[in-house]
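Report on one structure; see the data block that follows.
Values quoted throughout were computed directly from the atomic coordinates according to the rules given, and no laboratory measurement underlies them. Quantities reported herein were computed from a predicted structural model and do not represent experimental measurements. Glycine gets a Cβ as well: all are built from the backbone with ideal geometry, and neighbour counts include every protein chain shown.
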Amino acid sequence: MYSTHDMPSDLDALLPRLAGRARRLSDSQSDADDLAQETALKLWAALRKGAEVDDLDRYAMTILRNLARQRWRSDKPTDPLEEESAAVPPTAPARMACADLAAAVEKLPETQALLINMIAAGETSPTALAQRTGLPLGTVMSRLARARSKLRAEMGIAQKAPVSDLY
C-alpha cells in the first residue's frame, strides 16, 4: 500500500514513464505535459484522501488513460476540413485498446493465452484449434470460454457482450 509519505521518491520515478505515455496519447508536447501533470495531481489527491493503492504505476497509468479518453470525448468538432487539408485519423485510441488487450492476454493462464493468440493470428475454427493443439474439442471450447470471460472482465466489457468487442 502507498501513502503520501511514500510518494516523493516513487512519484519522481513514475513521472518520466507518465510523460512518455502522455506523449504517445497527445497531439502536442504541451498537451502531453498537461496530461502528465494532471495525472500526477489526481494521483497525489487520491493518495491524500486515503485511497488504497497496491500498484502505484498501474494506478497512475489508469488515471492517465482515463484523462486522455475524457479529453478525446470532450474535443469539440471544428469546421469541416477541406480535402487538401484532411489529416490522418489519430491512432492512439486504437493502439491503447490493442495494448490493453495484449496486456490482458498476458495475464491469462498459458493454455488459454495460446488459444487466444492462435485466434488473433487468424485461426477461428475451434475444430482446427483442437487439431493444431492436440486437445479435445470440448477442452478447447471450455478454455476459450474461460479466457474470453477473463478478458471481458479485465477489459471492463459486459459479460454478455459479443466477443468482437474485445477486438
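Data for the structure
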quantity	calculated
FRET efficiency for R17 and N117, using Cβ-Cβ distance with R0 set to 25 Å, rounded to 0.05	0.40
Whole-Hz ³J(HN,Hα) from phi, Karplus 6.51 cos²θ - 1.76 cosθ + 1.60, for region 107-119, glycine and proline x	7, 5, x, 3, 5, 6, 4, 4, 5, 5, 5, 5, 5
Cβ crowding within 10 Å averaged over residues, with 137-144, 97-104 ranked highest first	137-144, 97-104
Contour excess over end-to-end distance, with Cα ends at R73 and C98 and 0.36 nm allotted per residue	7.1 nm
